[in-house]
Amino acid sequence: MLINKNKYYREQSVFKPENLLREARRQKRIDNCLIPEVCILDPDGDIVRYLRKKRLLRQSKCWACYHTELYTFKYIGQEFGIVGCVVGSSFAVLVAEELFVSGCKLLISITSAGSIKALNTYARFILIEKAIRDEGTSYHYLKPSLFSSINNNLLAGIIKVLPDIKKGITWTTDGPFRETISQIKYAKSKGAVAVEMEASALYAFAEARKKKVVCIAHITNQMGQTGNDFEKGFENGSIESLDLIYKLTKILAG
């Protein structure tokens with residue numbers, strides 16, 4: 001069976017995140033309380049490790065997910081929830097589904113990405129406008145298309161306040177060690193400047209579920225093709241990441 005066939009997009013799912021979490025709360029004896037309205041996916045886990053080192057994290061008592069731990073913290077007075085090491089499209093969307101039925105209203109994902117095309121200006125962080133759908137998860141949410149994209153209203157709001165933010169197209173893959181020369185050439189021909197593992201599925205989920213999701217690519221490597229690759233800078237880029245997340249939150253929360 002082809003992955004983009006027999007999807008029945010208008011049908012409701014039998015298995016629902018709210019039902020899963022209901023049973024998890026029962027088994028774990030967790031109160032039915034709400035997590036922070038702004039949450040972060042931190043696939044590399046560097047932000048979580050930095051905040052833990054600074055003793056700024058508290059484990060959420062309201063998070064009933066079987067697979068992850070959610071921590072809360074405050075940054076310049078803003079409360080956030082954060083889940084670390086959520087790598088790959090299916091895992092990211094599973095957690096996103098659970099976050100939004102647990103009280104989240106804005107989700108920001110900030111993921112490492114490999115550069116596949118020289119940028120006109122040096123940029124460590126790219127606001128992902130759209131992502132090539134080279135993974136399976138997005139096809140369970142939206143009909144087949146080349147890209148999935150950030151919500152236009154979210155994009156307009158960000159650009160209005162942060163006009164200098166670098167925007168770009170990425171290629172989302174679920175086979176990171178199958179990034180061949182031919183695939184890279186194709187992605188570049190469609191405008192992609194970097195490759196990552198979550199954005200296309202998160203944007204498809206967001207469109208289908210009408211949720212607020214923003215994906216940021218943190219350009220950290222040249223796909224292992226150079227020496228001293230995968231360097232993120234001071235505190236593995238965590239402070240820069242938090243500053244950007246805070247700015248986005250001030251624009252989009254509420």
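The values are calculated or read from the model by the stated rules, or taken from the named source; none is laboratory data. Since we're looking at a predicted model, the values are computed, not measured. Ideal geometry is used to build each Cβ from the backbone, glycine not excepted, and the neighbour counts take in all protein chains shown.
Those residues that are touching a helix residue (DSSP H, G or I) at 6+ places or on another chain (Cβ under 6 Å), closer than 19 Å to Thr111 by Cβ and surrounded by fewer than 24 Cβ atoms within 10 Å (Cβ to Cβ), I need them from the range 159-204; list them, please. Residue satisfying the conditions is Asp174 alone.
Say we look at the range 54-103 and pick out the residues that are within 21 Å of Ser200 (Cβ to Cβ) and charged (D, E, K, R); which of these is nearest to the chain's Cα centre (by Cα)? Within the range 54-103, the match that is nearest to the chain's Cα centre (by Cα) is Glu97. If you check Glu235, Glu240, which single one turns out to be surrounded by 13 or more Cβ atoms within 10 Å (Cβ to Cβ), out of contact with any strand residue (DSSP E or B) (no Cβ under 6 Å at 6 or more places or on another chain) and at pLDDT below 90? Just one listed residue meets the conditions, Glu235.
Does Gly81 meet the test of being in contact (Cβ under 8 Å) with a residue 12 or more places away in the chain, in a strand (DSSP E or B), of a type outside the set (A, V, I, L, M) and more than 25 Å from Leu21 (Cβ to Cβ)? No; evaluated as a whole, the condition is false for this residue.
Which residues, taken from the range 7-25, are under 23 Å from the mean Cα position of the chain (by Cα) and hydrophobic (A, V, I, L, M, F, W, C)? Correct list: Phe15, Leu20, Leu21.
When Ser148 is tested against (1) over 16 Å from Leu252 (Cβ atoms); (2) modelled with pLDDT of 95 or more; (3) out of contact with any Lys or Arg (no Cβ under 8 Å at 6 or more places or on another chain); (4) surrounded by 23 or more Cβ atoms within 10 Å (Cβ to Cβ), exactly one condition is not met: (3).
Filtering the range 115-126 to residues that are at pLDDT 75 or above and closer than 16 Å to Gly237 by Cα leaves Arg124, Phe125, Ile126.
The single condition among (1) modelled with pLDDT of 95 or more; (2) over 24 Å from Glu97 (Cβ atoms) that Asn221 does not meet is (1).
Note on the range 22-48: among residues that are of a type in the set (A, V, I, L, M, F, W, C) and part of a helix (DSSP H, G or I), the one that is surrounded by the fewest Cβ atoms within 10 Å (Cβ to Cβ) is Ala24.
If the condition is being surrounded by fewer than 23 Cβ atoms within 10 Å (Cβ to Cβ) and among the small types (Gly, Ala, Ser), then the range 82-113 contributes Gly84, Gly88, Ser90, Gly103, Ser112. Counting only helices (runs of 4 or more DSSP H) wholly contained in the range 88-203, the ones carrying 1 or more residues that are in contact with a Gly (Cβ under 8 Å, 6 or more places away or on another chain) and in contact (Cβ under 8 Å) with a residue 60 or more places away in the chain occupy 89-100. Tyr71 passes every criterion in (1) in contact (Cβ under 8 Å) with a residue 24 or more places away in the chain; (2) more than 30 Å from Leu142 (Cα to Cα); (3) hydroxyl-bearing (Ser, Thr, Tyr) apart from (1).
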